Amino acid sequence: EAGVAQSPRYKIIEKRQSVAFWCNPISGHATLYWYQQILGQGPKLLIQFQNNGVVDDSQLPKDRFSAERLKGVDSTLKIQPAKLEDSAVYLCASSSFGGGENIQYFGAGTRLSVL
Amino acid sequence: QKEVEQNSGPLSVPEGAIASLNCTYSDRVSQSFFWYRQYSGKSPELIMSIYSNGDKEDGRFTAQLNKASQYVSLLIRDSQPSDSATYLCAVNSYNAGNMLTFGGGTRLMVKP
């Protein structure tokens with residue numbers, strides 16, 4: 001079974017530029033998450049999708065971050081414009097719907113450096 | 001705000017010893033608990049989940065949950081240098097849309 005796929009693996013941009021990350025969840029997983037992990041910290045949830053609907057985006061900085069999951073499968077996370085403090089690893093995770101366990105499987109992440 | 005607290009470490013143990021990692025959480029309605037291992041530069045991988053009070057064993061790993069004290073721990077027996085990693089505690093509440101809240105992680109170093 002293929003895992004969660006993310007691209008790109010690394011991205012270096014200058015502040016005020018825009019960037020986009022892509023995620024393909026495990027086949028059949030209805031729930032998709034985007035996390036931000038700053039060096040030395042635990043992952044922080046940015047947004048959670050259930051199929052193509054948003055369940056929670058309370059910690060998403062909506063003035064600069066946006067995310068979509070148009071067909072309930074792949075998802076993109078965009079930052080525009082980027083700030084220095086956005087330097088982090090962006091992790092995508094997925095889990096199957098309705099399971100009381102909510103076991104989340106993570107992709108390899110995208111390491112973003114904002115200069 | 002729901003919080004999950006972990007000692008950042010590093011926790012240093014000799015090879016073959018028992019490593020004990022601890023986690024406390026603030027949300028009393030939390031219902032499921034997870035331990036993830038994260039090697040440097042890698043993504044988190046699930047190693048244990050626990051839902052009921054008491055102990056749950058899986059190989060060299062034992063998770064312990066005490067909901068009254070809002071405390072969950074992970075014991076690693078016969079620690080190996082390959083266990084050296086950051087261990088993340090994560091807490092889930094069904095009332096919160098099945099969201100996971102992660103602690104900051106404890107860095108474990110197992111010395112040969």
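The values are calculated or read from the model by the stated rules, or taken from the named source; none is laboratory data. What you are looking at is a predicted structure, and each value in this text was computed from that prediction instead of being measured. FYI the Cβ positions are ideal-geometry reconstructions off the backbone, even for glycines, and counts take in every protein chain you see.
Considering the stretch B:1-26, the residues that are in contact with a Lys or Arg (Cβ under 8 Å, 6 or more places away or on another chain) and within 14 Å of another protein chain (Cβ to nearest Cβ) include one that is farthest from B:LYS111 (Cα to Cα), namely B:TYR25.
Restricting the stretch B:53-92 to residues that are in contact (Cβ under 8 Å) with a residue 60 or more places away in the chain and not in a strand (DSSP E or B) leaves a set whose member that is surrounded by the most Cβ atoms within 10 Å (Cβ to Cβ) is B:SER79.
Restricted to the stretch A:6-115, the set of strands (runs of 3 or more DSSP E) holding at least 1 residues that are closer than 30 Å to B:ASN7 by Cα and either more than 15 Å from the chain's Cα centre (by Cα) or facing another protein chain (nearest Cβ under 10 Å) (or both) comprises A:31-37, A:44-50, A:53-56, A:88-95, A:110-114.
The numbered conditions (1) surrounded by fewer than 20 Cβ atoms within 10 Å (Cβ to Cβ); (2) in a strand (DSSP E or B) are all true for B:VAL29 except (2).
Table: residues versus (1) modelled with pLDDT of 95 or more; (2) surrounded by fewer than 20 Cβ atoms within 10 Å (Cβ to Cβ).
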| position | (1), (2) |
| --- | --- |
| A:ARG9 | yes, yes |
| A:GLU14 | yes, yes |
| A:ALA30 | no, yes |
| A:GLN48 | no, no |
| A:GLN59 | no, yes |
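Residues in the stretch B:1-39 that are out of contact with any strand residue (DSSP E or B) (no Cβ under 9 Å at 6 or more places or on another chain) and of a type in the set (Ser, Thr, Tyr): 0 in all.
Scanning the stretch A:8-53 for residues that are of a type in the set (Val, Ile, Thr) and farther than 13 Å from A:TYR105 by Cα yields A:ILE12, A:ILE13, A:VAL19, A:ILE38, A:ILE47. When restricted to residues that are among the aromatic types (Phe, Trp, Tyr) and within 29 Å of A:ALA88 (Cα to Cα), the stretch B:37-70 contains 1.
Taken as a whole, the stretch B:77-94 holds at least one residue that is out of contact with any Pro (no Cβ under 7 Å at 6 or more places or on another chain), among the small types (Gly, Ala, Ser) and within 13 Å of another protein chain (Cβ to nearest Cβ). Right, B:SER40: part of a loop (DSSP other than H, G, I, E, B), at pLDDT 95 or above and more than 30 Å from A:ALA30 (Cβ to Cβ) or not? Answer is no for this residue. A:ASP56 meets the conditions (1) within 18 Å of B:MET99 (Cα to Cα); (2) in contact (Cβ under 8 Å) with a residue 12 or more places away in the chain; (3) in contact with a helix residue (DSSP H, G or I) (Cβ under 9 Å, 6 or more places away or on another chain) in every case but one. The failed one is (2). When B:THR106, B:THR62 are screened for being modelled with pLDDT of 95 or more, touching a Gly at 6+ places or on another chain (Cβ under 6 Å) and at negative phi, only B:THR106 passes.
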